[in-house]
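Heads up, the thing below is written out as structure tokens.
The values are calculated or read from the model by the stated rules, or taken from the named source; none is laboratory data. This one's a predicted model, so the numbers in the text were calculated from it and none came from an experiment. Note: ideal-geometry Cβ built from the backbone for every residue, glycine included; neighbour counts use all protein chains shown. Just so you know, the surface numbers come from the protein's heavy atoms only, side chains and all, with ligands and any DNA or RNA stripped out. Shrake-Rupley method; radii C 1.70, N 1.55, O 1.52, S 1.80 Å.
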Amino acid sequence: MNKTTLVFISIFLFLACTDEIDKSNRFTFTGETMADFLLNRSEDYSNFIKILEKANMFGLLSTWGQYTLFLPTNEAVERYLAEQDSLYWATRDDNVPYETGITSPLLEDLSDSMATVIARTHLVEARYPMAEMSEGTLHRRNFNYRSLGISYKVVDERFYIMINNRSPIIGGDNEVENGIVHIIGKAINHTSRDVPGLIDECGYFSLFSAALKETGFADSLLLDRDEDYVPINYSDMGFDGEAGYLRQVLETKFFKYTGFIETDDVFNSNGIYTLDDLKVLAEKWYGTNEKGNYKNPKNALYKFVSYHFVPRELAYNDILLYNIRYNNGRGKSFDSENIMISGFDRYDYFETMQGALMKVTKPLSTTQGQDIFINYSKREMPFNPEMRNHVNVRIIPQTEFCNMKKEYAEFSSLALNGILHPIDKILIYNEDEMVGNILNERMRFDLAALIPELQCNKVRYYSPTKSGYSLYYIPENYSKNLKYHQSRPLLYSAGLQYHGLYFGDSFAAVRGFDGSFKLPNVPPRTYEIRIALNIGVLQMYIDNKVTGIPVEFYDPESEKEKIGYVYDKDTDDNGVENDKQMRNHGWMKAPDSFNGYVYNAWVPARNTQDCLRKILTRIYLGPGDHWLRIKDLVEHVFEIDYIELVPLNIINDPLKPEDRH
């Protein structure tokens with residue numbers, strides 16, 4: 001991390017922890033609505049008022065709700081129209097012209113449809129004060145279903161929060177009855193480039209862009225909104241009478257992609273200057289199968305490229321559950337740091353478009369905890385010594401990247417259908433390294449991580465601002481990794497701070513549920529498979545083979561003998577022998593790396609018998625897809641949280657017993 005980035009972080013932390021947030025640019029609370037705010041200052045914002053009126057949206061700003069408006073000044077609107085008009089005419093005859101939709105610099109010539117696009121771009125249906133804007137994106141998309149990027153910039157010793165790295169907030173935190181208004185010095189403009197187009201447009205990604213074209217993999221990164229998706233209303237199923245729960249229908253289905261991309265400078269520092277050089281590197285690591293047939297998924301260059309993408313939208317502040325805070329709609333605020341215990345690494349696993357896993361880690365147990373890494377290793381030397389320059393690949397935040405070189409200054413990470421993250425090393429998947437090191441561990445998968453569509457559609461981690469906890473029905477065929485064997489759907493819920501859940505989210509199943517999750521594509525070997533769940537009688541299957549007798553779990557207090565749980569504090573050896581006894585019964589206590597909430601106090605989940613793990617089976621998982629099927633046998637609502645896939649050597653090593661984390 002460079003010195004400039006530390007300056008930004010220090011300034012932002014200062015802003016986030018004090019009431020002194022640029023008071024010279026703040027209005028005191030006046031009781032105005034957003035519409036009143038604009039009308040009372042029409043001499044400065046008349047252009048945007050006209051845009052809102054053309055879009056038939058001005059009335060919305062008088063209604064009750066919670067909105068954030070990024071309000072461009074009159075000069076900002078005039079400059080935007082002039083720039084977009086010039087860009088259209090300058091590129092009209094190009095192979096890929098900028099379709100700006102604006103063909104005149106005059107506001108009176110702006111079409112109603114383009115006015116609608118502009119108005120919806122600047123409005124978000126949630127309240128975001130400046131102190132809640134962390135590097136990455138806002139957690140809610142704007143009214144155009146586009147994410148808004150957040151980064152920081154210092155100009156003439158003044159700190160700015162930037163929207164999409166182009167639009168500075170010059171007068172923030174103007175509170176009104178129905179939300180908050182931030183004045184911006186430049187109108188927000190989203191790129192029309194998809195992920196491959198944005199990579200190609202950034203000249204400093206030219207080598208990776210050439211590989212993307214050579215392999216044809218760019219064609220795999222073109223989807224955006226599923227226009228054929230029709231929301232399904234399951235309102236007649238389950239959770240009737242459950243107080244405080246708000247059942248939601250997933251109204252959209254987007255496809256998104258995240259790319260972790262090396263700059264030309266990163267390649268050059270490793271002796272890679274041409275596409276031919278990159279082909280040689282790829283063949284070193286991925287072999288010569290289908291040599292020269294670059295569009296074949298078995299080709300080395302194709303494998304190299306495809307490992308750099310995951311089919312989900314991962315903004316920098318969404319990659320891991322860290323410092324995520326918001327109001328959950330019930331008068332209580334969700335705070336990820338109440339759930340996850342400090343000092344333990346945060347990590348997650350994502351299946352790449354190559355099919356192999358990558359692990360992302362924020363190593364909070366080390367001095368590198370301020371950063372996020374791909375395939376992080378704490379070993380002094382990797383399992384495969386030749387991989388020393390390809391592990392601990394750091395994801396570079398946009399603010400830092402834009403200040404590394406003048407050439408990078410205007411980089412904006414958001415594409416039409418995804419997001420790009422620059423990385424500081426060449427990213428390679430090596431089976432020996434993953435089996436012997438990176439994935440040679442107890443792998444804990446939050447079940448929501450297995451459903452990439454939840455992050456494509458900004459659902460994972462976040463509860464709506466409306467009243468009640470969110471329960472999102474997951475329709476049939478919504479995800480390629482989830483299939484139903486009958487008509488009853490799962491419901492996903494986030495922001496559950498007081499429920500003792502890993503990552504604060506879970507899936508609830510309505511009575512009679514029968515469905516399957518696709519297991520992660522782990523390296524072939526034998527695993528012990530565990531699941532965290534509560535309440536119910538469930539039959540489990542792996543690839544349609546029964547894992548054992550049905551799992552019965554209702555009330556841990558009444559089932560102490562069957563489960564064998566004893567609080568660590570009530571044992572003479574801090575629970576060591578009790579752990580063995582519970583394993584003999586097929587159960588394990590929860591980890592001690594996240595919290596439960598018991599009697600109005602946070603305690604490690606291990607110290608509450610409401611949070612348990614069930615050992616399902618030991619099974620060899622070979623190449624190809626594998627499915628975990630869960631079938632309710634007693635028509636009961638139940639909840640499932642996470643699964644663990646544990647290589648047997650982690651369990652059986654007497655010199656290094658499995659930790660409790």
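Numbers below:
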| quantity | calculated |
| --- | --- |
| Sole residue being in a strand (DSSP E or B) and either in contact (Cβ under 8 Å) with a residue 24 or more places away in the chain or not aromatic (Phe, Trp, Tyr) (or both), chosen from Ile529, Ile549 | Ile529 |
| Which numbered condition Leu250 misses (of (1) at pLDDT below 95; (2) exposed (fewer than 14 other Cβ atoms within 10 Å of the Cβ)) | (2) |
| Residues of region 201-235 satisfying the condition of being under 25 Å from the mean Cα position of the chain (by Cα), open to solvent by 30 Å² or more (accessible area, probe 1.4 Å) and either hydrophobic (A, V, I, L, M, F, W, C) or farther than 25 Å from Ile150 by Cβ (or both) | Asp219, Ser220, Leu222, Leu223, Asp226, Glu227, Asp228, Tyr229, Val230, Pro231, Ile232 |
| Qualifying positions in region 580-596 - without any contact (Cβ under 8 Å) to a residue 60 or more places away in the chain and either surrounded by fewer than 18 Cβ atoms within 10 Å (Cβ to Cβ) or in a helix (DSSP H, G or I) (or both) | Lys580, Gln581, Met582, Arg583, Asn584, His585 |
| Boolean, Phe507 is under 30 Å from Phe350 (Cβ atoms), in contact with a helix residue (DSSP H, G or I) (Cβ under 6 Å, 6 or more places away or on another chain) and hydrophobic (A, V, I, L, M, F, W, C) | yes |
| Single residue of region 510-532 satisfying the filter (of a type outside the set (Lys, Arg) and within 23 Å of the chain's Cα centre (by Cα)) that is most open to solvent (accessible area, probe 1.4 Å) | Asn521 |
| Residue ID - surrounded by the most Cβ atoms within 10 Å (Cβ to Cβ), chosen from residues in region 138-173 that are assigned to a loop (DSSP other than H, G, I, E, B) and aliphatic (A, V, I, L, M) | Leu148 |
| Residue ID - farthest from Ile426 (Cα to Cα), chosen from residues in region 276-293 that are in contact with a Lys or Arg (Cβ under 8 Å, 6 or more places away or on another chain) and surrounded by 18 or more Cβ atoms within 10 Å (Cβ to Cβ) | Tyr286 |
| Some residue of region 490-499 being open to solvent by 40 Å² or more (accessible area, probe 1.4 Å), under 23 Å from Ile615 (Cα atoms) and touching a helix residue (DSSP H, G or I) at 6+ places or on another chain (Cβ under 7 Å) | no |
| Selected residue [among the acidic types (Asp, Glu), within 19 Å of Gly504 (Cβ to Cβ) and at pLDDT below 95] from Asp610, Asp632, Asp653 | Asp610 |
| Region 56-72: number of residues that are buried (at least 21 other Cβ atoms within 10 Å of the Cβ) and either under 22 Å from Asp109 (Cα atoms) or among the β-branched types (Val, Ile, Thr) (or both) | 3 |
| Among the candidates Glu441, Glu410, residue that is over 20 Å from Thr361 (Cα atoms) and either without any contact (Cβ under 8 Å) to a residue 60 or more places away in the chain or open to solvent by 20 Å² or more (accessible area, probe 1.4 Å) (or both) | Glu410 |
